[in-house]
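Inspection log for the structure reproduced underneath, given as structure tokens.
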Amino acid sequence: FLETTAYFCMKPKMGEKEVSPHSFFSIWHEFSSDFKDLWKKENKLILQERVKEAEEVCRQKKGKSLYNIRPKHDSGIVSKNCSNA
């Protein structure tokens, strides 16, 4: 614990000889909860960007037809019967 507090350059509060675990972990808890909130927001933004990109790709693919529609020709039995009448 003391090596960790020295690594993060924590100094004891006024009137204390050493950094107490309570003071260290209260600061650490604030940092980790802020980091977690920012992490969630960033992941949400990345997910929204990816969804937009996927929707755009789908729109582009829907715009391009995979097949061609040809007009109907009057060469069937019904058209022959109608022209004789």
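The values are calculated or read from the model by the stated rules, or taken from the named source; none is laboratory data. Worth saying up front: this structure is predicted, and the values here are computed from it rather than measured. All Cβ positions, glycine included, derive from the backbone under ideal geometry; neighbour counts span all protein chains shown. Protein only, heavy atoms only, side chains kept; ligands, DNA and RNA dropped before computing areas. Shrake-Rupley method; radii C 1.70, N 1.55, O 1.52, S 1.80 Å.
Restricting attention to the range 17-67, which residues are under 30 Å from Leu2 (Cα atoms) and open to solvent by 100 Å² or more (accessible area, probe 1.4 Å)? Can you show your working first?
Step one: list which residues in the range 17-67 are under 30 Å from Leu2 (Cα atoms), which gives 17-39.
Passing the criteria: Lys17, Glu18, His22, Phe25, Trp28, His29, Glu30, Phe31, Phe35, Lys36, Leu38, Trp39.
Looking at the range 14-42, which of its residues are modelled with pLDDT of 90 or more and either in contact with a strand residue (DSSP E or B) (Cβ under 9 Å, 6 or more places away or on another chain) or charged (D, E, K, R) (or both)?
Within the range 14-42, Glu30, Asp34, Lys36, Asp37, Lys40, Lys41, Glu42 qualify.
Consider Val78 carefully, then state whether it is at pLDDT 85 or above and either in a helix (DSSP H, G or I) or closer than 30 Å to Phe8 by Cα (or both). Give the derivation first.
Details: at pLDDT 85 or above: no; either in a helix (DSSP H, G or I) or closer than 30 Å to Phe8 by Cα (or both): yes.
So Val78 fails the test.
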